[in-house]
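Taken together, the values in this text are just the output of simple stated rules run on the coordinates, not laboratory data. It should be emphasised that the depicted structure is a prediction, and the values quoted were computed from it without experimental measurement. With ideal geometry, Cβ positions are generated from the backbone for all residues, glycine too; neighbour counts draw on all protein chains shown.
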Amino acid sequence: MTHLVLFQLKVVMLVAKVCILQTQQVKGIVVLTTIHLIFSFYCKCKEVSYDIKTEHFMKLKFHVLAILASVLLVGCGGKGVKSEFEKCTYPDAFGEKAPGWVCGQPVEAYPMAAVGSANKSAAGFDFMKEQAATVARIALAQQMEVHVTNMVKQYVETTGQGDTETVDQVRTSVSKVLTDQVLVGSKVVNTRTSPNGYLYVLVAIDADSMLLNTQTALKTSMNNDNALWQQFKAENGQDELAMAIANQ
């Protein structure tokens, strides 16, 4: 048991040191200090040394180390993800720090977002913004296509209606709709100019707009390809079916 505890203690200390190096935070230092204080206090209360081998003390060490290791590993994992966005740089200006959203960092309050960019132009900022926003909206429409198709696939799997071939046909139909359909509620929520003059634009839609666009795309597809959707609409009206799929 003593060797196992010592091994666990070494593992926790190693993870803490890695945490310090990767996140450049004080979390690892705090954990190491906490470990030392816990065992120092316990030993002082019992008036024994660190080498004590009583079964009670060994069990206490074992459980405390296991808990600390779990908490530390989870904490380091979260910081690691965040640090990737903190290292974000502009694609056109390598090494120049950029906001996390340029590299795809999720934006609070917007479940779906996309980034577009435009080269520096003599036509001015507004022209560049329009060009970049157009690129972003195309990417946003592609995300909506994947989202709607996944909703249909999930509906098929849940209800047993349709098959893989049907889902593929729906994907094609929805893709045509979203190519022509202007996404309702999409808006520019952030802009940033790189050191080289490129303009980066973040276009996003909120949850309500996302639901509305999903239902609209589905209903338009149903109108355009009535035969394709007939097997789904056997038990539901158009509005009910679109709502049932979109609200999963």
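Structure notes:
- Distance violations [Cα-Cα > 29 Å] among K87/K176; K97/K129; K153/K176; K129/K153: K87/K176; K129/K153
- Segment 110-181: C-alpha gyration tensor shape, a/c 1.5 cut-off, then a/b vs b/c: prolate
- Electrostatic tally near H147: other residues with Cβ closer than 12 Å to its Cβ, Lys and Arg +1, Asp and Glu -1, net +1.
- Three-way shape call for segment 103-246 based on the alpha-carbon gyration tensor, with the a/c threshold at 1.5: prolate
- Span from the segment 178-248 Cα centroid across to the segment 99-159 one, whole angstrom: 12 Å
- Cut-off 15 Å between beta-carbons: net charge of the residues surrounding M112, Lys and Arg +1, Asp and Glu -1: -2
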